[in-house]
Amino acid sequence: MASSSDIEWLSTQEASRRLGITTRTLYRFVDQGDLPAYRMGRVIRLKATDIDSFIEGSRIEPGTLEHLYPDTSAKR
């Protein structure tokens, strides 16, 4: 088990940059419960490991995006 001194804390700006999203979208993910965050006084911090887990959990499974590129070669 990691001690609290081993935790890499990220600011909301660092976390959103790591995810490639805006801080507004990050706040929405936190508010919806998709991403854990911690209030420390007046600031919000996120664990780097939670960000990495969120990234891995967002991985797209092969064969799930067919609806985005419909087969237009079929003649009617």
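Points 7 angstrom from Cα along the Cβ direction at Glu66 and Thr49: gap in nanometres?
3.9
Starting from the eigenvalues of the Cα gyration tensor, five times each then square-rooted, give me the equivalent ellipsoid semi-axes of the chain, largest first, whole Å.
Equivalent ellipsoid of the chain: 36, 14, 9 Å, largest first.
Under the 0.36 nm per residue contour assumption, what length would be gained going from the current alpha-carbon distance of Thr23 and Tyr38 to full extension?
3.9 nm
Round to the nearest 10 and report in Å² the accessible area of Asp31, as given by a 1.4 Å probe over the protein chains' heavy atoms.
140
The values are calculated or read from the model by the stated rules, or taken from the named source; none is laboratory data. Keep in mind the model is a prediction, meaning the values are calculated, not measured. Methodologically, a virtual Cβ is constructed for each residue, glycine included, from the backbone with ideal geometry; neighbour enumeration extends over all protein chains shown. We work out accessible area using only protein heavy atoms, side chains counted, and drop any ligands, DNA or RNA first. Shrake-Rupley method; radii C 1.70, N 1.55, O 1.52, S 1.80 Å.
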